[in-house]
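Notes for the one structure printed next.
The values are calculated or read from the model by the stated rules, or taken from the named source; none is laboratory data. The structure displayed is predicted, hence computed values, not measured ones. Note that each Cβ is placed from the backbone with ideal geometry, even for glycine, and that neighbours are counted across all protein chains shown. We work out accessible area using only protein heavy atoms, side chains counted, and drop any ligands, DNA or RNA first. Shrake-Rupley method; radii C 1.70, N 1.55, O 1.52, S 1.80 Å.
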Amino acid sequence: GRVRWSLPDPVAAAALTATAAGGGLALAGLAPHGTSITPRVEPPSGTGLHTGGAYRVSRHPIYTGLLVGGAGVAVLRRRPGPLAAWVALLGVLHAKTRREERHLVERFGADYERYRERTPRLL
């Protein structure tokens, strides 16, 4: 079988908490989008700037939730592969947020700039 390391109970509990909290944050970030959610970096036409709910704590709560939850899952898997995959996801989402934010500034201008000043990118 695959080599796995052991997890102290507090670490396992923290990883489970991160998994649940990350999933909840990602779902809360999805909610205001309804059917307009898209994997593209350009905001869909006709949509407004979301700044309430989960978007009060993070400019990218879906990605933040995926990263927090993914970190919990990677730790719980107790192998290097899932941790490496999480690091790759971090890199992809970091690049994607930078591209998305350029489009958001183009689309929403000063409104997005003010939002960006008061709200962290991830957490």
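Rounded to the nearest 20 Debye, what is the dipole magnitude of segment 63-119 about its Cα centre when Lys and Arg each give +1 and Asp and Glu each give -1 at the C-beta? Don't skip to the end; give the middle numbers.
Numbers: 11 positive and 6 negative charges, 66 e Å.
Magnitude of the dipole: close to 320 debye.
Using the Cβ atoms and a cut-off under 13 Å, what net charge is assigned to the surroundings of residue 42, where Lys and Arg are +1 and Asp and Glu are -1? Walk me through the numbers on the way to the answer.
Details: positive: 40, 96, 99, 102, 107; negative: 100, 101, 106.
Around residue 42, the surrounding residues sum to +2.
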Would you work out what percent of the accessible area of the chain, with all protein chains in place, is carbon or sulfur (probe 1.4 Å)? 62 percent
Work out from phi, with θ = phi - 60° and the Karplus expression 6.51 cos²θ - 1.76 cosθ + 1.60, the ³J(HN,Hα) of each residue of segment 13-28, listed in order in whole Hz, and give x for Gly and Pro. 5, 5, 5, 5, 4, 4, 4, 5, 5, x, x, x, 5, 4, 5, 5
Taking R0 as 22 Å, what's the FRET efficiency between residue 11 and residue 89 from their Cβ-Cβ distance, rounded to 0.05? 0.60
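At 0.36 nm per residue, minus the direct Cα-Cα distance, what do residue 76 and residue 114 gain on full extension? Give it in nm, one decimal, please.
Length gained, residue 76 through residue 114: 9.9 nm.
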Across 10 Å bins from the origin, how do the percents of Cα pairs in segment 53-92 run, short distances first? 32, 44, 21, 3
³J(HN,Hα) across segment 108-123 via Karplus (A = 6.51, B = -1.76, C = 1.60, θ = phi - 60°), whole Hz, x for Gly/Pro? 10, x, 4, 4, 6, 4, 5, 4, 5, 5, 9, 10, x, 4, 10, 10
Percent of all alpha-carbon pairs of the chain at distances over 21 Å, whole number, is 44 percent
If you place +1 on the Cβ of every Lys and Arg, -1 on the Cβ of every Asp and Glu, and leave all else neutral, what size is the dipole of the chain about its Cα centre, to the nearest 20 Debye? 380 debye
Each label point is 7 Å from the Cα along the Cα-to-Cβ direction; what then is the distance between the points at residue 20 and residue 3, in nm? 3.3 nm
